[in-house]
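S.K.: Mind looking over this structure? Questions follow.
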Amino acid sequence: ENGGQDAKNLRVKLVLLGDSGVGKSCIVLRFVRGQFDPTSKVTVGASFLSQTIALQDSTTVKFEIWDTAGQERYAALAPLYYRGAAVAVIVYDITSPESFSKAQFWVKELQKHGSPDIVMALVGNKADLLEKREVAVQDGTEYAEKNGMFFIETSAKTADNINELFEEIAKRLPRPAV
Ligand code: GDP
Ligand code: MG
């Protein structure tokens, strides 16, 4: 046994990084439970959730999702959190340029200290708040392209692009040799 890992069934550690308040926990809850709780002001309890998705080629990917309980405030703790992660989802809020800068900080941090073959996704969340947008789609697209990352805008509130985010990540995972 290989920890449940074979060519058809992958199991991967996924971490979320980004400023507090950008919607990391809401993205996870939307993906795993199909829920959005607008009243939750702080990170929602669970720091570990898992969800399995099936791809069209009949392979499955089990995401073991590590959501921070606010460690994002302490950059020094981050390496403990993203160690061994196969996937990093770096989230900003499209209404917050500061959160976009912070996302770029996390990208650089992972390029320096993350696993060399880590799959990184850049996510502009709160895409439902169009009238408050302060980060252009093009800024996200261009930054992601330059850094070899996948980019998508999501809304945990409306569920827009949440499943697509995880499906695209799954497709980009390196497959173990049979
Ligand atoms: P975290 O600190 O990154 O985990 O952020 P949370 O998931 O706790 O979300 C922070 C706040 O943003 C909460 O008040 C959420 O209701 C709100 N929020 C999260 N995602 C969205 C979204 O897609 N759209 C809108 N309008 N609000 C969101
Ligand atoms: Mg949170």
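No value in this document is a laboratory result; all are computed from the given coordinates. This one's a predicted model, so the numbers in the text were calculated from it and none came from an experiment. Counting neighbours? That spans all protein chains shown, and the Cβs are built from the backbone with ideal geometry, glycine included.
S.K.: What shape does segment 114-155 have by the C-alpha gyration tensor, where a ≥ b ≥ c are the square roots of the eigenvalues, rounded means a/c under 1.5, and otherwise prolate means a/b greater than b/c and oblate the rest?
M.R.: prolate
S.K.: Still on this structure, please answer the following. Which angle from 0 to 90°, rounded to the nearest 10, does the C-alpha axis of helix 162-172 make with the longest principal axis of the chain?
M.R.: The angle comes out at about 40 degrees.
S.K.: With axes computed from alpha carbons, what is the tilt in degrees of helix 24-33 against the longest principal axis of the chain, rounded to the nearest 10 within 0 to 90?
M.R.: 50 degrees
S.K.: Quickly rank 100-108, 167-175, 123-131, 85-93 as a protection proxy: mean count of other C-beta atoms within 10 Å, highest first.
M.R.: The densest-packed peptide leads the list: 85-93, 123-131, 100-108, 167-175.
S.K.: Here's something else I'd like to know. Length gain on complete extension for the stretch Tyr74 to Lys146, per 0.36 nm per residue less the alpha carbon to alpha carbon distance? Please report the intermediate quantities before stating the final value.
M.R.: Working: separation 72, 0.36 × 72 = 25.92 nm, distance 2.69 nm.
Net length gain for the segment: 23.2 nm.
S.K.: For the chain, count all C-alpha to C-alpha pairs, find those more than 22 Å apart, and express that count as a whole percent of the total.
M.R.: Working: 6400 of 15753 pairs.
It works out to 41 percent of all Cα pairs.
S.K.: Moving on to the next point. So for Glu64, Glu142, fewest C-beta neighbours within 10 Å to most, what's the order?
M.R.: Ranked by crowding around the Cβ, least crowded first: Glu142, Glu64.
S.K.: May I ask you to evaluate 6.51 cos²θ - 1.76 cosθ + 1.60, the Karplus curve with θ = phi - 60°, for each residue of segment 129-141 and list the ³J(HN,Hα) values in order in whole Hz, giving x for glycine and proline?
M.R.: Per residue, the Karplus-derived 3J(HN,Hα) values read 8, 4, 5, 9, 4, 10, 10, 5, 3, 4, 4, x, 4 Hz.
S.K.: How far is helix 97-113 tilted off the main Cα axis of the chain, in degrees rounded to 10, range 0 to 90?
M.R.: Tilt relative to the chain: about 30 degrees.
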